[in-house]
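One structure below.
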Amino acid sequence: LNAKSLQGQHWVVTAGPTVEAIDPVRYLANRSSGKMGYAIAEMASKAGAEVTLVSGPVSLDVPFGVNCFKVESAEAMLRKVQETLRDDSVFVACAAVADYKPKTVATEKMKKSGDEGLTIELSQNPDILKWVAGETSAFCVGFAAETQNVSDYAKSKMERKGITMICANDVSRDDIGFSCDHNELLVFYREQNITKEQRIGPASKVKVAEQLIELIHQVRPS
Ligand code: C5P
């Protein structure tokens with residue numbers, strides 16, 4: 001990759017967790033640090049792409065040259081993706097989107113009542129990646145964070161979501177994945193109706209991002 005490899009291309013990358021409000025002071029969230037998505041946005045921009053990063057709340061600096069929109073909920077993330085995505089974009093769904101959100105958001109801070117437990121009813125969030133794959137012709141790359149049967153789950157997820165490439169991440173290991181600076185991906189992709197696989201890393205998330213971008217560049221029909 002050089003500074004012009006992705007010139008003329010538009011990439012949309014989602015990153016970080018989504019947070020789903022329970023009441024004005026509480027939310028449901030997850031452990032995503034956003035590092036992998038930010039590294040992909042940074043390296044795609046360095047390779048000449050116009051990059052839009054749609055990010056949940058994280059404590060990372062926005063990479064130079066990247067256009068970043070901060071959002072909180074999955075619904076807000078979906079709206080921002082819909083607003084910014086073009087039909088010829090590359091869409092990299094790196095965000096750890098909450099599958100569920102509280103069905104209702106209390107307008108005032110919830111009070112503890114007696115000695116009883118508390119049940120919060122949840123409803124499903126929209127699947128951003130599935131929407132993009134179904135409704136647009138963007139080239140879609142998904143991530144699959146799994147703790148077991150990593151490659152089987154990843155391959156079935158690729159089918160289910162209708163995407164061309166999926167990066168499987170074993171989040172049960174504490175040397176790679178969530179929060180840390182290193183990662184190892186097992187990437188599955190469809191080329192001429194055959195499912196192929198490539199291992200990337202273990203390496204720094206920046207190096208992994210660079211190699212993943214190269215692979216996308218090679219596989220994506222131009
Ligand atoms: O189904 P699962 O959450 O494991 O799928 C992971 C992939 O789908 C990731 O690429 C993630 O960014 C994306 N995703 C999404 N919207 C959701 C759930 C997951 O874009 N609501």
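The values are calculated or read from the model by the stated rules, or taken from the named source; none is laboratory data. The shown structure was predicted, so the numbers you read here are calculated from the model rather than taken from an experiment. Counting neighbours? That spans all protein chains shown, and the Cβs are built from the backbone with ideal geometry, glycine included.
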TODO: Kindly indicate whether any position in region 71-88 is part of a loop (DSSP other than H, G, I, E, B), of a type in the set (D, E, K, R), within 16 Å of the ligand (Cβ to nearest atom) and over 23 Å from Q7 (Cα atoms).
DONE: yes
- [ ] Return the residue satisfying two criteria in turn: it lies in region 52-84 and is under 21 Å from S204 (Cα atoms) and of a type in the set (A, V, I, L, M), and of such residues it is surrounded by the fewest Cβ atoms within 10 Å (Cβ to Cβ).
- [x] V62
Open item on the list: Given the criterion over 14 Å from the mean Cα position of the chain (by Cα) and touching a residue at least 12 places away in the same chain (Cβ under 8 Å), identify the matching residue among S55, S89, S73.
Closed with: S89
TODO: Answer yes or no: is there a residue in region 185-207 that is outside any strand (DSSP E or B), over 21 Å from A39 (Cα atoms) and touching a Cys at 6+ places or on another chain (Cβ under 8 Å).
DONE: no
- [ ] Consider only pairs whose beta carbons are under 8 Å apart and that are at least six residues apart or on different chains; among these, list those whose first residue lies in region 129-156 and is within 12 Å of V81 (Cα to Cα) and whose second residue is aromatic (F, W, Y).
- [x] L129/F91; V132/F91; T136/F91; A138/F91
Task: Pair list, Cβ < 8 Å and 6+ apart or interchain, from region 1-27 residues that are under 18 Å from S137 (Cα atoms) to residues that are of a type in the set (D, E) and surrounded by 15 or more Cβ atoms within 10 Å (Cβ to Cβ) - done: Q9/E50; H10/E50; W11/E50
TODO: Inspect all residues belonging to region 148-161 and state whether any of them is among the β-branched types (V, I, T) and at pLDDT 90 or above.
DONE: no
Open item on the list: Which count do you get for residues in region 109-148 that are surrounded by 10 or more Cβ atoms within 10 Å (Cβ to Cβ), assigned to a loop (DSSP other than H, G, I, E, B) and more than 8 Å from the ligand (Cβ to nearest atom)?
Closed with: 7
Task: Qualifying positions in region 92-108 - without any contact (Cβ under 8 Å) to a residue 60 or more places away in the chain and either more than 8 Å from the ligand (Cβ to nearest atom) or exposed (fewer than 10 other Cβ atoms within 10 Å of the Cβ) (or both) - done: K103, T104
- [ ] Tell me which residues, restricted to region 109-134, are over 20 Å from T18 (Cβ atoms), out of contact with any Pro (no Cβ under 7 Å at 6 or more places or on another chain) and among the charged types (D, E, K, R).
- [x] K111, K112, D115, E116
Open item on the list: Filter region 1-39 down to the residues that are assigned to a helix (DSSP H, G or I), touching a Cys at 6+ places or on another chain (Cβ under 6 Å) and aliphatic (A, V, I, L, M) and list them by number.
Closed with: M36
